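No value in this document is a laboratory result; all are computed from the given coordinates. Keep in mind it's a predicted model, so treat the numbers as computed, not measured. Positions of Cβ are generated from backbone atoms using ideal geometry, with glycine treated the same way; all protein chains shown enter the neighbour counts.
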């Protein structure tokens with residue numbers, strides 16, 4: 001009932017404000033509706049919170065922790081027998097077996113890949129390799145794109161010449177006006193260049209095989225002599241008795257090439273220290289006919 005002034009009767013109900021009158025039945029319905037809305041909000045809030053907590057816990061528990069293990073990438077100069085060589089699809093040699101022992105000591109995962117000495121610098125800069133094997137002679141002067149590990153064996157250095165060359169030892173070792181073969185980017189290349197020998201022509205090679213082939217080519221006389229370590233020289237002479245080795249009375253240590261600043265260097269040096277002097281190391285030298293000066 002609508003009137004100009006509020007009216008209150010038992011039958012008609014309660015007047016709340018001027019002009020509008022609501023019956024008791026209407027008031028009861030409104031209160032029930034309000035109670036329902038408040039209780040719904042509370043129930044709704046509880047139902048939204050619980051599933052989120054359960055789901056987050058489920059994800060945290062069911063996702064396993066993934067442990068990543070770095071793989072050491074080992075570059076191998078494939079033609080430095082008896083230290084490194086390529087046999088079909090596998091690498092072999094004294095250094096190949098030695099680095100396997102070191103990896104075992106340091107619990108390193110590793111892969112081998114062929115590499116040429118001319119691409120070493122770029123491979124190290126691109127972080128495509130971590131170590132290079134190849135009968136390297138430890139020398140700070142040639143460290144441009146890598147660092148040397150601790151030495152693992154000392155060796156005599158000398159020259160390989162054809163036996164038919166006339167003269168005594170000192171005459172055969174005279175470098176004046178000679179064509180001298182050396183491996184590129186090695187200690188011996190640096191050594192002979194720094195000597196500034198009159199009339200000497202220095203010829204660099206990427207592999208020992210190519211240098212040996214040039215030395216054996218007596219018709220073209222590409223080389224008069226080749227500078228090399230004694231262990232490699234003995235391997236050459238065993239297959240080519242027309243050659244002879246003459247010592248320069250110089251010694252150097254073999255070492256591994258490792259990327260500059262690599263934390264792997266510490267692991268490699270630790271492994272070398274663990275392996276040296278063991279029976280396994282002695283067996284490796286015997287197996288590959290490696291001598292020590």
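The calculated FRET efficiency for the pair residue 245 and residue 279, based on their C-beta separation and a Förster distance of 25 Å, comes to about 0.30. Note on the range 222-237 and the range 131-152: Cα centroid distance 20 Å, given to the nearest whole angstrom.
In terms of the Cα gyration tensor, with a ≥ b ≥ c the square roots of its eigenvalues, is the range 213-271 rounded because a/c is under 1.5, prolate because a/b exceeds b/c, or oblate? Prolate, since a/c reaches 1.5 and a/b exceeds b/c. For the peptides 268-276, 91-99, the ranking by packing is 91-99, 268-276, with the highest mean count of neighbouring Cβ atoms within 10 Å listed first. Computed with the Debye formula from one identical point scatterer per Cα of the range 155-252, without solvent, the log10 of I(q)/I(0) at q = 0.17 Å⁻¹ comes to -0.68.
The peptide list 163-172, 119-128, put in order of mean Cβ contacts within 10 Å with the highest first, becomes 119-128, 163-172.
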